[in-house]
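This report refers to the structure that appears directly beneath it.
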C-alpha cells in the first residue's frame, strides 16, 4: 500500500482530489466507455473486412456519417484552444479556471475528428499514398496540412501551461513521480523559467488563432471548392468557423457543468463564469443565424434551379425535420434561454448547450446529405439511412472523447492550479493597475 | 495530339440499352446483387438517364445514355488527393485503381455523377468469370471507377497504326458502346481532325453538351432537334 499523499491542507485541495482519490464511479465509467469503444472497434473491423458496403451510403450519396462527424468533431475542437487563446490574449481574468478544460477538449476531439476521414476511406491501407503521391492542389491535402498543424500547436499549447502543475504533482511524490518528473522538464518555478514559459505561451496563443481559423475554413473548402449547388458558396469559410466556435463553446459549457458537479468544483467554476461564457454562446447563436439567413436568402432570391432544388429539399424533403429541428435547437432554444435572465441558470445553460450541440450536428448533416441527394443529373435518388456500423462508430467517437477527458482528469488537474494562484497573487493587483491606466489622470506606478 | 470525343444522336437513340450491356461486358464491370442495386449501389460506366416531363396524362419520357463526359476542364481530377484520377494528353480522364484511396472526393465533385464506387468486393456470376475481357483489369473493393472511353482499345489501335506506319483512321478506335449501338446513334472520333465525322457532327445545329454553363467542357456531345 503506497503512502497516502498529503494534499488536504493545500489551498486548492479540490483540484488535487480527483487525481489522488479514485471512486467507484471512475471505474464504472471507464468500464462502460471501454465496452462501447470495443464494440465500435469490432464494427470498424467488419467494415474493413466487408468494405464500405456495410454503411448506408450509395453511389449518389457517397459521403455520410463519417464526413458529417469529421466536420462536427473538428468543429468542437475550436472551442478550446481558440477560446482559451482569445481569453488569454484579451487578459480576461475570468479565463483562469476555464482555459485548461478548453484546451483538453481541443486536443482530444481533434485527434478523433482527424481520424474520421480515414474511417471514410475505401482503402485505408493506402492512406500513406497522400505522402508518396499527394497532390497539394487537392483541398483534402490542405486539410491534412492544417489539421496536423493545429493538432501540433494545440497539444503544445495544452502542455506548456501544464508544466508548473505537473511539477507540483511531481513534488507531491507517489507512484507516478517518474512520469511527472519526466513531463515537468525540471521546472523549479525560478524567475527565468517563468519568463520563458510566459513568453512561449504568448507566442503560441498568437500563432494558434490563425491556425485554428484556417482549419475550419479549409474544411469548408472541401465542400465549397466543388461545383455542387448548396456547397459552392463563398461564405462557407467564415460560416463553418462560426459554427465551429458555436458548437465548441456548447461542448465546453456542458463539460464544465458536468465536471463542476462530479469533481465538486463549485468554488472554482462559479455562476459568473457560466454567464460570461453563455453570453458568448448567445452571440455565436445570433452570428450563426445571420450566416444561415444570408446563405439561404441569396439562394432563394437568385432562384438558380439546382440551388432551389436543394433548398426545397431541405425545407420540405425527407430531411425537413432535421432542417427545422436545426433551426429550433441552434437558434430559437438557445436565444430564448440565454437572453431571458430568469432562464439563464446553470440548468438553463446546460439545456441550451445540449440543444446547440445536437443542432450543430444536424447542421453538418444538412450541409452534407441534401446536396449529394440532389445531383444535377436527374438520377433516381435514394435516401441515406446510416447503418448500425456508422452509428456504432459515431458512439465510439463520443466514447473515446469522454474516456480521454476522464483519463486526463485522473492524471492532471482539470483547472490550472498555478494560474489560479497567479490570479490570487498578481491578478488582482494587475487588474487594479490596468483599470487605473484606462482612466483619465496621471499614470500610476506601472511600467 | 488527338482529342477523343463522343457524339450521341438522341434523334436516333431508341433507348434500348444495348450500350449499357456492351459496356458492362467489355469492361468487366461488377454485377451488383439486386438488393445492393436497390440500395442505389448499381454499377454502370454507361448509364441510361430517364427524365419524365410534364404531368399525367401528358407525360413525355426522355431517355439518354450517359457515359463519363471526359471533361476538358474536369472537376474530378482537381480534387483527387493522390493523383489517382488524371487527364492525359489526349484528353482522356483515367483512373488508377491501385493508387486510389477510396475517399470518393472525385465522385462528390463530378456534377454528372459519372463515377461509381466498389462498396463491396466486386462479384460476378460464375458464367461471367470464364469470359472476362483480358484487356481490362479487374477492380478491387474500395476504389472508384468510371467509363474510360475504352482506352484499352486505343492501345491496340495505336499499335496497329504504328506497325503499319500510318495515322489512326477515323472510326478505327471505337468504344464498345459505339460499336454495339444498333441504331448507330453513338459516334466516336477525334475532335481535332477536321475530316472526322465527330468533328462535323459536333458543329451541327443540333449539338449541345450537358450543363455547358459549368465550364467543364464535356467531350460527349448530344445531338437533338430543337423544338
Residue B:99 vs (1) more than 14 Å from chain A (Cβ to nearest Cβ); (2) surrounded by 15 or more Cβ atoms within 10 Å (Cβ to Cβ); (3) at negative phi: all pass except (1)
Taking residue A:187, is it farther than 30 Å from residue A:291 by Cα, away from chain B (no Cβ under 14 Å) and not in a helix (DSSP H, G or I)? yes
I need the full set of residues from segment A:359-369 which are touching a helix residue (DSSP H, G or I) at 6+ places or on another chain (Cβ under 6 Å) and farther than 15 Å from residue A:325 by Cα, in order please. A:368
Residue check, residue B:145 touching a residue at least 12 places away in the same chain (Cβ under 8 Å), surrounded by 14 or more Cβ atoms within 10 Å (Cβ to Cβ) and out of contact with any strand residue (DSSP E or B) (no Cβ under 8 Å at 6 or more places or on another chain): no
Which residue out of A:86, A:68 is in contact (Cβ under 8 Å) with a residue 40 or more places away in the chain and away from every other protein chain (no Cβ under 14 Å)? A:86
Return a yes/no flag: does segment A:222-241 have any residue that is within 14 Å of chain B (Cβ to nearest Cβ), buried (at least 20 other Cβ atoms within 10 Å of the Cβ) and within 21 Å of the chain's Cα centre (by Cα). yes
Can you name the residue in segment B:70-95 that is within 9 Å of chain A (Cβ to nearest Cβ) and assigned to a loop (DSSP other than H, G, I, E, B) and, of all such residues, is nearest to residue A:143 (Cα to Cα)? B:81
In segment B:109-146, how many are touching a helix residue (DSSP H, G or I) at 6+ places or on another chain (Cβ under 7 Å) and within 14 Å of chain A (Cβ to nearest Cβ)? 9
Which of the residues that make up segment A:203-227 are under 27 Å from residue A:87 (Cβ atoms) and either without any contact (Cβ under 8 Å) to a residue 24 or more places away in the chain or not assigned by TED's automatic domain parsing to the domain that holds residue A:306 (or both)? A:203, A:210, A:220
Inspect segment A:49-59 for any residue being at positive phi and either over 26 Å from the mean Cα position of the chain (by Cα) or surrounded by fewer than 23 Cβ atoms within 10 Å (Cβ to Cβ) (or both) and give the result as yes or no. yes
For segment B:35-58, indicate whether the set of residues that are more than 10 Å from chain A (Cβ to nearest Cβ), within 24 Å of residue B:193 (Cα to Cα) and in contact (Cβ under 8 Å) with a residue 24 or more places away in the chain is non-empty. no
Conditions (1) surrounded by fewer than 24 Cβ atoms within 10 Å (Cβ to Cβ); (2) under 13 Å from the mean Cα position of the chain (by Cα): number failed by residue A:72: (1)
Considering each residue of segment A:132-178, count those that are within 11 Å of another protein chain (Cβ to nearest Cβ) and over 27 Å from the mean Cα position of the chain (by Cα), and give that number. 5
The listed residue being touching a strand residue (DSSP E or B) at 6+ places or on another chain (Cβ under 8 Å), surrounded by 24 or more Cβ atoms within 10 Å (Cβ to Cβ) and either within 14 Å of chain B (Cβ to nearest Cβ) or in contact (Cβ under 8 Å) with a residue 40 or more places away in the chain (or both), out of A:62, A:106: A:62
Can you confirm whether residue A:182 is in contact with a helix residue (DSSP H, G or I) (Cβ under 7 Å, 6 or more places away or on another chain) and away from chain B (no Cβ under 14 Å)? no
In this structure, is residue A:419 outside the structural domain of residue A:317 (by TED's automatic domain parsing) and touching a helix residue (DSSP H, G or I) at 6+ places or on another chain (Cβ under 9 Å)? yes
What residue, of A:100, A:91, is within 17 Å of residue A:276 (Cβ to Cβ), outside any helix (DSSP H, G or I) and more than 14 Å from chain B (Cβ to nearest Cβ)? A:91
If residue A:187 passes every condition in (1) within 26 Å of residue A:83 (Cβ to Cβ); (2) surrounded by fewer than 17 Cβ atoms within 10 Å (Cβ to Cβ) but one, which one does it miss? (2)
Output the residue which, of all residues in segment A:327-338 that are under 20 Å from the mean Cα position of the chain (by Cα) and surrounded by 23 or more Cβ atoms within 10 Å (Cβ to Cβ), is farthest from the other protein chains (Cβ to nearest Cβ). A:334
Consider residue B:40 carefully, then state whether it is at pLDDT below 90 and either assigned to a loop (DSSP other than H, G, I, E, B) or over 18 Å from residue A:52 (Cβ atoms) (or both). yes
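Residue-by-condition table, conditions (1) touching a helix residue (DSSP H, G or I) at 6+ places or on another chain (Cβ under 9 Å); (2) more than 19 Å from residue A:115 (Cα to Cα); (3) within 14 Å of chain B (Cβ to nearest Cβ); (4) at pLDDT 90 or above:
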{"position": "A:6", "(1), (2), (3), (4)": "yes, yes, no, no"}
{"position": "A:22", "(1), (2), (3), (4)": "yes, yes, no, no"}
{"position": "A:35", "(1), (2), (3), (4)": "yes, yes, no, yes"}
{"position": "A:40", "(1), (2), (3), (4)": "yes, no, no, yes"}
{"position": "A:43", "(1), (2), (3), (4)": "yes, no, no, yes"}
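The values are calculated or read from the model by the stated rules, or taken from the named source; none is laboratory data. As the structure is a prediction and not an experimental result, all values here were calculated from the model. Here Cβ is always computed from backbone atoms with ideal geometry, including for glycine, and neighbour counts include all displayed protein chains.
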